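Right, one structure below, let's go through it.
The values are calculated or read from the model by the stated rules, or taken from the named source; none is laboratory data. On a predicted model such as this, the values are computed, not experimentally measured, just so you know. Using ideal geometry, Cβ is built from the backbone for each residue, glycine included, and neighbour counts are taken over all protein chains shown.
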Amino acid sequence: MKIGLKSVGVAALLAAGVALSATSASAYIACNGDTCWHVHRHYHYDPAWGITVHPDNWRWGAADHYVWHEHHGRGYWRNGVWITF
């Protein structure tokens, strides 16, 4: 009986951990011109940089021509160069 209760308790804790980790993961898609990349935070980019931030489920249309250009860290793409801030 004790083993069954322990198993149920462990399963409940694991399920709670999975649920919390799934809700805390968020991402966005940032685009500058036709170049897009994933960001893990909604940074407040300077409007002069021309960057648009979309939700992670955003998709461009069939007639649009965007390219993915991923990069780690904080920054943005400008004319094919990663600018760190």
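Looking across the range 45-60, the residues that are exposed (fewer than 15 other Cβ atoms within 10 Å of the Cβ), within 19 Å of W82 (Cβ to Cβ) and more than 15 Å from the chain's Cα centre (by Cα) come down to D46, A48, W49, G50.
Being assigned to a loop (DSSP other than H, G, I, E, B) and either of a type in the set (S, T, Y) or at pLDDT 90 or above (or both): is that true of R59 here?
Details: assigned to a loop (DSSP other than H, G, I, E, B): yes; either of a type in the set (S, T, Y) or at pLDDT 90 or above (or both): yes.
Here the answer is yes, as R59 does meet what is asked.
Pairing each residue of the range 27-39 that is more than 14 Å from G50 (Cβ to Cβ) with any residue that is of a type in the set (K, R), provided the two are 6+ apart or on different chains, yields C-beta distances under 8 Å for Y28/R41.
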